[in-house]
1. For a label point 7 Å from the Cα of residue 104 along Cα→C-beta, name the residues of segment 144-173 whose backbone N is under 19 Å from it.
2. Using a 10 Å cut-off around each Cβ, can you sort 184, 125 from fewest to most neighbouring Cβ atoms?
3. Using only the alpha carbons of segment 135-207, what is the convex hull's orientation-averaged projected area in square nanometres?
4. How do 113, 130, 120, 152 line up, fewest other C-beta atoms within 10 Å first?
5. What distance in nm separates the two pseudo spin-label positions at residue 77 and residue 193, each 7 Å out from Cα along the beta-carbon direction?
6. How would 131, 164 line up from fewest to most surrounding beta-carbon atoms within 10 angstrom?
7. I need the peptides 46-54, 66-74, 173-181 ranked by packing, meaning the mean over residues of other C-beta atoms within 10 angstrom, with the highest value on top.
8. Relative contact order for segment 100-207: what percent, with Cα pairs under 8 Å and sequence separation of 6 or more?
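What follows draws every value from the coordinates through simple rules; no lab data is involved. The structure presented is a predicted model; accordingly, all values stated were derived computationally and were not measured. Because the Cβ atoms are built from the backbone with ideal geometry, glycine has one as well, and the counts that use them run over all protein chains shown.
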């Protein structure tokens with residue numbers, strides 16, 4: 001795999017979007033995400049000599065991180081209370097809910113593997129360099145989740161989390177049953193491959 005000294009920086013995943021940026025529609029986001037996943041799948045089916053740069057497919061323009069940013073931004077509440085909230089803050093609130101539920105044994109009748117794995121990854125990112133901004137933490141979490149084949153596994157639990165109902169409108173990927181199924185099915189394709197992350201992405205988080 002080619003070396004990439006510095007991963008491309010995605011636009012800060014905060015709300016609201018800049019006025020100059022047109023809001024993407026659900027079909028457009030689905031198409032972008034499908035293309036991003038297909039590009040990664042094609043990467044692994046090529047010989048090593050023919051492969052491009054996986055980091056670009058993950059973090060570059062129209063890469064996986066950017067497309068999932070659009071997924072999570074769609075329907076993210078931008079009321080006065082949420083005006084300056086970053087997407088990463090949503091992930092942290094979900095982590096706090098899962099941790100509390102696990103500690104209180106609220107869900108003894110159901111497997112909690114997904115919750116534990118989610119909290120492990122989120123805490124790993126939270127403990128990352130204090131110089132990493134919330135947009136960088138979002139990017140790191142998505143990349144780590146992709147490497148751990150966890151992106152598709154967490155979607156149903158995110159959808160069912162009360163935090164999601166509070167921070168997302170009904171017209172969002174996370175609160176629409178059909179769109180959640182779409183996300184699970186499209187992201188599950190990545191679970192077939194071993195995704196190696198460069199140190200420029202992990203920034204020592206694995207040390």
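1. 157-167
2. On the way: 184 16, 125 23.
Result, fewest neighbours first: 184, 125.
3. Details: hull surface 22.4 nm².
Mean shadow area of the hull around the Cα atoms is 5.6 nm².
4. Working: 113 9, 130 5, 120 13, 152 18.
Least crowded to most crowded, the residues run 130, 113, 120, 152.
5. 3.7
6. On the way: 131 7, 164 19.
So the ranking, lowest neighbour count to highest, is 131, 164.
7. Numbers: 46-54: 11.6, 66-74: 21.4, 173-181: 16.8.
Output ranking for 46-54, 66-74, 173-181: 66-74, 173-181, 46-54.
8. On the way: 72 pairs, mean separation 32.4, N = 108.
Answer for segment 100-207 is 30 percent.
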